Amino acid sequence: MAEIEAKIGEARYSTGYKTLEDVAITASEGHRVLVAGPSGSGKTTLLLAVTGVMVNLLGGSVKGFINLAGVNPLEARGFREVPRLVGVILQDPERQIAMPTPLDEVLFTLENLGFKDAEERAWRSLEAFGLAGKALWWVETLSGGEKRRLTLAAGTVHDPEALLLDEPTANLDPWIVGETIKFVRGFSGPEIIVEHKARYFLDVVDEVVVLSGGHVAARFKRPFTENDINRMEELGVDARIELKASEPRGECLSTVAKIAGARLGYDAPVLSVDDFTACRGEIVAVVGPNGSGKTTLLRALAGQRKPLNGVVNVQGRAFYVPQNPDYSFLFPSVERELEEARRLGGRDPRPLFRALAGSGGSLESMPPFKLSHGQRRWLSIAVAYAYRPSLLLLDEPTTGLDISLYSRLVALLRSLSREAAVVVATHDARLVAEAADRVYAALEGDLVEVGKVEALKLLESAWRP
Amino acid sequence: MKLSSYWSPRGGPDPAYLLLYSFSITLLAVVEESPRALLVLFLVTGVPGLTLGFLRFGRMLVLLPLTVIGAFINAMILYYLGVAGKDSPAAASVGPLVIPWYAVNATIVIGLRIASIAGAGLLLSGLANPRDVIRSLEALGAPKGLVFSLAYALRLLPLLFSELGEVMAMRRQRGYRRVPLTPGDYETIMLPLLSVSVQRAVWVGVSAELRGFRLRRSLRRGLRRPGRWEALLAVALALQIAAVVLF
């Protein structure tokens with residue numbers, strides 16, 4: 001019977017920095033453990049330690065005992081066996097998929113492991129994950145949800161005995177989250193799921209281990225009580241299952257953006273917009289499945305895409321902050337990034353960045369790409385702030401943020417909305433519930449305004465069984 | 001976009017044979033100096049390859065005549081600087097400008113050489129999809145690291161294009177010029193692309209290892225039994241080798 005058992009005394013990266021201390025975790029057959037915790041708590045490091053990657057590939061060290069489906073991955077011989085025994089799904093499909101087509105991606109796993117019937121198995125797996133019709137398409141033409149399904153197919157096509165998943169819901173719309181939860185529920189071996197959005201998995205896991213600063217801060221066993229959930233939230237885990245819609249502020253200080261009767265898209269229309277407005281003084285959320293045209297709308301408002309027909313009116317300057325903040329950075333240091341933004345934008349973003357990152361200037365000599373995910377998010381917003389936008393467009397701004405960073409973001413958006421209309425494209429029901437003043441839904445090619453309660457119902461019912 | 005329907009005709013030659021053929025023609029074109037032998041290479045491989053390429057890439061083939069013009073200008077500059085073809089007789093003159101036989105010959109040789117090599121490449125990419133070509137490399141016994149790198153490059157190309165679009169849009173939004181001119185401009189484009197690519201490469205490496213890449217054994221299967229297409233390639237290659245030997 002397969003089991004995952006890890007008793008880690010300490011784990012260090014090659015730099016010598018200690019990231020885990022006294023962490024123990026066990027998942028037996030049919031047992032699912034969720035590892036949660038705020039950003040930088042050591043969740044992904046735990047996964048790298050348990051799989052042996054930290055020792056065997058990254059030059060780090062792990063002291064302790066690990067049994068991964070019968071092998072010790074800390075030893076070279078055991079590490080060689082890990083791919084046969086374990087399926088590993090990484091956080092970002094873009095960073096997991098190595099091959100140009102779905103068929104090659106699935107075949108890659110099977111051929112590496114020497115399966116004689118690789119081709120036949122690969123097709124069966126693609127069929128099961130609904131990708132057989134796109135087996136020979138460029139991976140790049142798949143939607144976000146299809147890419148996630150492909151990683152699930154490629155990670156489990158060899159029938160592993162145990163499964164490890166790192167932030168499997170990151171960047172996914174709630175509809176695909178629902179599929180992912182179903183997949184997790186359907187696997188019969190031991191599973192470890194690393195996820196800061198614990199709320200999605202509380203119905204399917206047996207235990208929640210919360211990490212903080214590389215230590216185990218708390219453990220919760222099923223059934224999870226209201227007290228457990230409150231405690232998880234206190235520890236920085238997004239665990240609240242029921243969300244309540246806050247009262248919209250209802251302040252339209254001035255209309256900044258207006259679209260009437262436009263069709264948006266690239267070569268073909270993706271989204272029809274009969275009536276869209278965004279005002280200074282409010283936060284407008286745009287929700288909808290992956291590929292429904294949310295980003296297309298934001299890009300049209302930013303002037304990066306012309307509408308196929310109709311008119312997009314924006315008063316003043318619009319600034320678009322992409323989902324991946326890394327595309328916002330053009331210079332080798334934070335200092336230059338901020339200085340260049342000040343020079344061309346006209347406002348000094350340093351005070352805002354220092355306040356958000358709590359750094360007092362200590363981060364400014366670093367390359368932007370070496371900052372933590374949260375710090376990069378703050379930097380990308382600080383750069384936008386320097387340009388004094390009257391319309392601030394944020395694409396999935398809460399991705400990868402823990403509860404504390406999320407709360408800071410909501411406060412920031414509220415504050416920025418006093419001088420600019422803020423439009424966010426998001427899958428995050430919590431952001432819709434707690435921050436949005438008005439909501440538009442991109443569904444089946446049309447953008448329609450919906451009430452907050454209705455939007456919440458839409459997002460929440462999409463992933464629940 | 002479906003990769004196979006876009007690229008490969010059904011029942012075409014085995015990509016492994018095609019790869020060997022294209023490689024051989026490229027080699028012959030690089031080492032051969034005789035215009036007559038190069039003309040044979042051009043007629044047998046260049047013409048069908050460029051025709052196929054024109055059907056697929058259309059206007060991109062304009063680059064080819066430009067290359068030939070460039071070769072002519074280069075030969076003329078070398079002649080007038082006295083670096084090459086000093087004693088070459090005049091082939092023609094346009095006003096005060098004398099065109100030596102040296103420049104004519106050099107242009108013909110370089111033009112035929114480039115057209116033959118381009119034709120061989122276009123024949124390969126026109127008759128086999130890149131995925132099959134890469135897999136055929138593995139079947140021919142190429143090292144798995146090389147094959148993986150090529151397959152990953154194929155995965156990355158469209159991704160890099162879309163990331164380049166993101167970075168260019170951000171540059172414009174931040175008030176930088178639309179067309180990059182200075183090294184600093186290029187730095188602001190390359191820096192985010194490289195940083196994102198490096199991070200991704202590390203994780204793809206981890207993903208590949210966790211899916212058993214180090215356990216991968218050679219999928220070498222040798223060449224399949226040749227059919228009509230392969231026989232045609234063999235005849236064409238024999239003809240071209242004969243031309244190189246005879247001329």
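Among A:Ser61, A:Ser188, A:Ser417, A:Ser390, which comes first, then next, by fewest other beta-carbon atoms within 10 Å?
Values: A:Ser61 16, A:Ser188 11, A:Ser417 24, A:Ser390 19.
Ranked by crowding around the Cβ, least crowded first: A:Ser188, A:Ser61, A:Ser390, A:Ser417.
Please report the spacing between the Cα centers of the stretch B:196-247 and the stretch A:173-252 in Å, no decimals. That distance is 47 Å.
For A:Asp275, the residues whose modelled amide H falls within less than 5 Å of its own, excluding neighbours fewer than 5 places apart on the same chain, are A:Gly261.
Going by the alpha-carbon gyration tensor, a ≥ b ≥ c the square roots of its eigenvalues, is the stretch A:254-463 rounded (a/c under 1.5) or, if a/c is not under 1.5, prolate (a/b greater than b/c) versus oblate? Because a/c hits 1.5 or more and a/b exceeds b/c, the stretch A:254-463 counts as prolate. In chain B, helical runs assigned H by DSSP with n ≥ 4 each contribute -39500 (n - 2.57); averaged across all residues and rounded to the nearest 500, the mean residue ellipticity at 222 nm is -23500 deg cm²/dmol.
Using θ = phi - 60° in the Karplus curve 6.51 cos²θ - 1.76 cosθ + 1.60, the 3J(HN,Hα) couplings for the stretch A:351-359 round to x, 5, 4, 5, 5, 5, 7, x, 9 Hz; x is entered for Gly and Pro. Residue order for A:Trp138, A:Trp175, A:Trp378, fewest other beta carbons within 10 angstrom first, comes to A:Trp175, A:Trp138, A:Trp378.
Remark on B:Ser34: its backbone amide H falls under 5 Å from none of the residues 5 or more positions apart or on other chains, H modelled at 1.01 Å from N.
Determine the alpha carbon to alpha carbon distance for each of A:Lys221/A:Lys294; A:Lys43/A:Lys147; A:Lys116/B:Lys144 and list only those over 29 Å.
Working: A:Lys221/A:Lys294 38 Å; A:Lys43/A:Lys147 23 Å; A:Lys116/B:Lys144 18 Å.
Beyond 29 Å: A:Lys221/A:Lys294.
Of all aspartates and glutamates in the structure, those lying under 14 Å Cα to Cα from A:Lys244, and not within fewer than 8 positions of it along the same chain, are A:Asp428, A:Glu434, A:Asp437, A:Glu454, A:Glu460. Helix A:102-112 axis versus longest C-alpha principal axis of chain A: approximately 20°, rounded to the nearest ten.
Counting only alpha carbon atoms, the long axis of helix A:174-186 and the longest principal axis of chain A meet at about 10°.
Calculated from DSSP H runs of 4 or more alone, at -39500 (n - 2.57) each and per residue, what is the 222 nm mean residue ellipticity of chain A, nearest 500?
Values: 15 runs with 154 residues, N = 465.
That comes out to -10000 deg cm²/dmol.
For the stretch A:226-329, the pair-distance distribution built from all alpha carbon pairs, in bins 5 Å wide starting at 0, is 2, 10, 16, 17, 15, 14, 10, 8, 5, 2, 0 percent. For A:Ala2, no residue whose modelled amide H falls within less than 5 Å of its own remains once neighbours fewer than 5 places apart on the same chain are excluded. Residues A:Glu29, A:Glu460 in ascending order of nearby Cβ atoms (within 10 Å, fewest first): A:Glu29, A:Glu460. Axis angle, to the nearest 10 degrees, between helix A:118-128 and the longest C-alpha principal axis of chain A: 50 degrees.
No lab work stands behind these numbers, since they all come straight from the coordinates. Predicted, not measured: the structure shown is a model, and the values here were computed from it. Cβ: placed from backbone, ideal geometry, glycine included. Neighbour counts: every protein chain shown.
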